[in-house]
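Here the structure comes first, spelled out in structure tokens, and everything after it is commentary.
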Amino acid sequence: MYALTHCTLFDGNRLHSNTALVIEGERIAALVPEEQLDTELEQISLHGAVLSAGFIDLQLNGCGGVMFNSDISADTLDTMHAANLKAGTTTFLPTLITCPDDHMRRAVAVVRDYMTRHPDRVPGLHLEGPYTNLARRGIHPAAQIRALDTDMLAFLCDHAATIAMLTLAPEVNDSGHLARLKAAGIRLAMGHTGADYDQAMAGFEAGIGFATHLYNAMTPTANGRQPGAVGAVFDAPNVGAGIIVDGHHVHYANVRLAHRVLGKRLCLVTDATAAAGAPAGFTHFDFCGATVFLRDGKCVDEHGTLGGSALTMIEGVKNLVQQAGLSLENALAMASRNPARVLGLERHIGMASPGRVANLVAFDAHFNVVTTVVNGQFSS
């Protein structure tokens, strides 16, 4: 049992000063005014850092020089976790993009086994594709985009406990299939879609409750008569969204607009690739058969198509504050509390308050991570 002191503490809703966070075992035991701490309790000073629940990334293709699609293994997940900790991320959804059925089956098996050992680190798998719109595929391999067949529908439903999120395009999927996936317990997200407003709303009615990388690879609001998929997300009362805040994927004005409309339903995601947190000298990587280059902080193929990002969560929080102009509280909520709510885990992780798992990040005034706490274990 110990206390973290001398910090500005974000509990998931508001900032506190002169407040210590007490950890007992793997969980947060209490928030206590520092002057009321038991003098015999071990105290660790954070020297004025900001302390928050650890970040939760709902869309992580890779980082630290590795891609999950390229090596679907526990070793890859361990490498991603180690890179994540340097950027304050304690929980993530490994994301497998459009690929063959046997790769999807392997990913489910690998993540299922990994979850049994590290449930707070990886609460599930994010399948991004292959049931999307070819016209909005982005860098996803065209040859692998396909319809959902009955065998894979049954497989996905049978393994819903492992699949935390499935990104698909509503206009190319049967509404009955969507309803069955939702009933099985899979969180459905709209992405890589050419849906118009009505098609998107029909998808929400059938069970879609989230939008993958808002604004990107979906129909925009073209004019007052054509709200598009983006307009449908803004108009639907219970649909959340992830957004990539790297300055390349979305204009910061659109980040502010999305937050103004969606509020607590908006989540920071990285859509990161091997380039995020990669070793020095890293220049390119394979993205499902396409070579993607890291150029001026942007991940692009030979045609200039964006291929994920090099963003980390702490960089995203910094951009939300310094570039998009959000408050620190709102930025931290987008990185921790809001994604926990999307996953239905807000009573377990995502907030620095009593009873939650002690997964925490502390960072300085320049948004440099100074320490993380994982399942109550402090690392300096």
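The values are calculated or read from the model by the stated rules, or taken from the named source; none is laboratory data. Quantities reported herein were computed from a predicted structural model and do not represent experimental measurements. Every residue, glycine as well, gets a Cβ built from its backbone with ideal geometry; the counts of neighbours run over all protein chains shown.
The residues in the range 206-230 that are over 22 Å from the mean Cα position of the chain (by Cα) and touching a residue at least 24 places away in the same chain (Cβ under 8 Å) can be counted, and the count is 4.
Picking from Gly138, Gly176, which residue would you name as being farther than 30 Å from Phe367 by Cα and either in a loop (DSSP other than H, G, I, E, B) or touching an Asp or Glu at 6+ places or on another chain (Cβ under 9 Å) (or both)? It would help to see each step written out before you state the result.
Working: Gly176 fails: either in a loop (DSSP other than H, G, I, E, B) or touching an Asp or Glu at 6+ places or on another chain (Cβ under 9 Å) (or both).
Selected residue: Gly138, the only one of Gly138, Gly176 that is farther than 30 Å from Phe367 by Cα and either in a loop (DSSP other than H, G, I, E, B) or touching an Asp or Glu at 6+ places or on another chain (Cβ under 9 Å) (or both).
From the residues in the range 285-295 that are free of Cβ contacts under 8 Å to residues at least 12 places away in the same chain and within 28 Å of Val255 (Cβ to Cβ), which one is surrounded by the most Cβ atoms within 10 Å (Cβ to Cβ)?
To start, the set of residues in the range 285-295 that are free of Cβ contacts under 8 Å to residues at least 12 places away in the same chain comprises 291, 293, 295.
From the residues that got through so far, the ones that are within 28 Å of Val255 (Cβ to Cβ) too are 293, 295.
Details: Phe293: 15, Arg295: 13.
For the range 285-295, the residue satisfying everything is Phe293.
Checking each residue in the range 342-355 for being under 13 Å from Leu51 (Cβ atoms) and either over 16 Å from the mean Cα position of the chain (by Cα) or basic (Lys, Arg) (or both) picks out Ala352, Ser353.
Which strands (runs of 3 or more DSSP E) sit wholly inside the range 184-277 and have at least 3 residues that are under 18 Å from Asp57 (Cβ atoms) and not assigned by TED's automatic domain parsing to the domain that holds Asp301? If you could, list the steps in order and put the result at the bottom.
On the way: elements: 187-190, 208-211, 240-244, 266-269.
It comes to none.
Which residue out of Val122, Val111 is part of a loop (DSSP other than H, G, I, E, B), crowded, with 18+ Cβ neighbours inside 10 Å and of a type in the set (Val, Ile, Thr)?
Details: Val111 fails: part of a loop (DSSP other than H, G, I, E, B).
Going through Val122, Val111 in turn, the sole match is Val122.
Ala241 meets the conditions (1) free of Cβ contacts under 8 Å to residues at least 12 places away in the same chain; (2) closer than 23 Å to Arg341 by Cα in every case but one. The failed one is (1).
Conditions (1) out of contact with any strand residue (DSSP E or B) (no Cβ under 8 Å at 6 or more places or on another chain); (2) without any contact (Cβ under 8 Å) to a residue 60 or more places away in the chain, marked per residue:
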site	(1), (2)
Ala274	no, no
Thr283	no, yes
His303	yes, yes
Leu311	no, no
Ile349	no, no
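Per-residue answers, yes or no, for (1) of a type in the set (Gly, Ala, Ser); (2) buried (at least 21 other Cβ atoms within 10 Å of the Cβ):
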site: Val239; (1), (2): no, yes
site: Val255; (1), (2): no, yes
site: Val261; (1), (2): no, no
site: Asp271; (1), (2): no, yes
site: Gly297; (1), (2): yes, no
site: Gly304; (1), (2): yes, no
site: Leu311; (1), (2): no, yes
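Here Val66 meets each of (1) within 15 Å of Ser379 (Cα to Cα); (2) in contact with a helix residue (DSSP H, G or I) (Cβ under 6 Å, 6 or more places away or on another chain); (3) surrounded by fewer than 24 Cβ atoms within 10 Å (Cβ to Cβ) with one exception, condition (1).
The single condition from (1) buried (at least 24 other Cβ atoms within 10 Å of the Cβ); (2) closer than 25 Å to Gly124 by Cβ that Leu51 fails is (2). Only one of the numbered conditions (1) outside any helix (DSSP H, G or I); (2) crowded, with 24+ Cβ neighbours inside 10 Å; (3) not β-branched (Val, Ile, Thr) is not met by Gly316, and that is (1).
Checking every residue in the range 126-133 against the condition of being out of contact with any Leu (no Cβ under 7 Å at 6 or more places or on another chain), more than 20 Å from Asp57 (Cα to Cα) and either crowded, with 22+ Cβ neighbours inside 10 Å or not assigned by TED's automatic domain parsing to the domain that holds Val374 (or both) gives at least one match.
For the range 248-271, the tally of residues that are out of contact with any strand residue (DSSP E or B) (no Cβ under 9 Å at 6 or more places or on another chain) and in contact (Cβ under 8 Å) with a residue 60 or more places away in the chain stands at 2.
Grab the strands (runs of 3 or more DSSP E) fully contained in the range 5-62, keeping just those with 3 or more residues being over 27 Å from the mean Cα position of the chain (by Cα).
The qualifying strands (runs of 3 or more DSSP E) are 19-24, 27-33, 42-53.
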